[in-house]
1. So how many residues does segment 107-138 have that are touching a residue at least 60 places away in the same chain (Cβ under 8 Å) and in contact with a strand residue (DSSP E or B) (Cβ under 7 Å, 6 or more places away or on another chain)?
2. Output the number of the condition that residue 29 fails; it satisfies all remaining conditions of (1) more than 16 Å from the chain's Cα centre (by Cα); (2) part of a helix (DSSP H, G or I); (3) at pLDDT 95 or above.
3. Please find, within segment 47-82, the residue that is farthest from residue 11 (Cα to Cα) out of those that are at pLDDT 95 or above and part of a loop (DSSP other than H, G, I, E, B).
4. Tell me, yes or no, whether segment 23-36 has at least one residue that is without any contact (Cβ under 8 Å) to a residue 60 or more places away in the chain, surrounded by 13 or more Cβ atoms within 10 Å (Cβ to Cβ) and under 24 Å from residue 155 (Cβ atoms).
5. Only residues that are outside any loop (DSSP other than H, G, I, E, B) and surrounded by fewer than 19 Cβ atoms within 10 Å (Cβ to Cβ): list them for segment 137-157, please.
6. Filter segment 183-214 down to the residues that are assigned to a loop (DSSP other than H, G, I, E, B) and without any contact (Cβ under 8 Å) to a residue 40 or more places away in the chain and list them by number.
7. Is there a residue being surrounded by fewer than 20 Cβ atoms within 10 Å (Cβ to Cβ), in contact with a strand residue (DSSP E or B) (Cβ under 6 Å, 6 or more places away or on another chain) and in contact (Cβ under 8 Å) with a residue 40 or more places away in the chain anywhere in segment 71-88?
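The values are calculated or read from the model by the stated rules, or taken from the named source; none is laboratory data. For clarity, every value in this text was computed on a predicted model and none was experimentally measured. In this analysis, Cβ positions are derived from the backbone assuming ideal geometry, glycine residues included, and neighbour counts consider all displayed protein chains.
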């Protein structure tokens with residue numbers, strides 16, 4: 001198998017609506033470039049520390065922003081999210097649990113990182129599921145051939161919390177403060193090819209330009 005000398009880093013956050021909108025784009029990029037690029041998904045930690053709090057604090061903003069996300073990207077938000085989870089005063093928005101879940105899924109199937117990242121977002125934005133509970137991810141764990149018991153154990157394992165926090169720190173070191181972001185690493189050069197939502201044709205053209213440079 002030929003060694004891929006260029007890596008595409010997708011820096012996203014599971015709770016980021018624009019990342020959800022970018023999901024179909026990154027999935028399409030993965031389909032097109034899977035033979036020439038190594039894809040790695042990094043969780044950015046958008047809602048951590050003092051930002052962690054009830055989803056109802058942001059519900060009005062999210063309800064106002066979601067039609068614009070749909071209009072721009074084509075994704076839709078489920079009723080269970082818009083009229084269910086957003087109204088749940090007990091639900092706490094926290095980027096760490098879904099980042100832990102992604103670490104577990106990536107470990108099991110590293111070649112499907114992009115698939116798992118988008119699937120996690122669909123659990124919440126379409127299905128209205130709480131991403132704080134390990135049970136929400138069990139259908140994905142089953143697809144990844146991870147038993148429910150193993151997934152639940154790893155979800156509570158401090159080692160996977162450390163992995164998630166390491167990803168947050170890595171995104172900060174790169175200066176990534178907005179999501180989604182896409183970085184191409186070609187040999188020792190880094191190229192920021194997306195900072196915020198970018199349509200497929202535009203980002204594909206940018207990637208092609210970077211790949212064609214000597």
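1. So the count comes out to 3.
2. Every condition holds for residue 29 apart from (1).
3. Here the answer is 78.
4. No: segment 23-36 contains no residue that is without any contact (Cβ under 8 Å) to a residue 60 or more places away in the chain, surrounded by 13 or more Cβ atoms within 10 Å (Cβ to Cβ) and under 24 Å from residue 155 (Cβ atoms).
5. Pass one, segment 137-157, residues outside any loop (DSSP other than H, G, I, E, B): 137-143, 148-155.
If the condition is that a residue be outside any loop (DSSP other than H, G, I, E, B) and surrounded by fewer than 19 Cβ atoms within 10 Å (Cβ to Cβ), then 138, 139, 142, 143, 148, 149, 150, 152, 153 are the ones that fit.
6. Initial filter on segment 183-214 (assigned to a loop (DSSP other than H, G, I, E, B)): 187-188, 196-199, 213-214.
Within segment 183-214, 188, 213, 214 meet the criteria.
7. No: segment 71-88 contains no residue that is surrounded by fewer than 20 Cβ atoms within 10 Å (Cβ to Cβ), in contact with a strand residue (DSSP E or B) (Cβ under 6 Å, 6 or more places away or on another chain) and in contact (Cβ under 8 Å) with a residue 40 or more places away in the chain.
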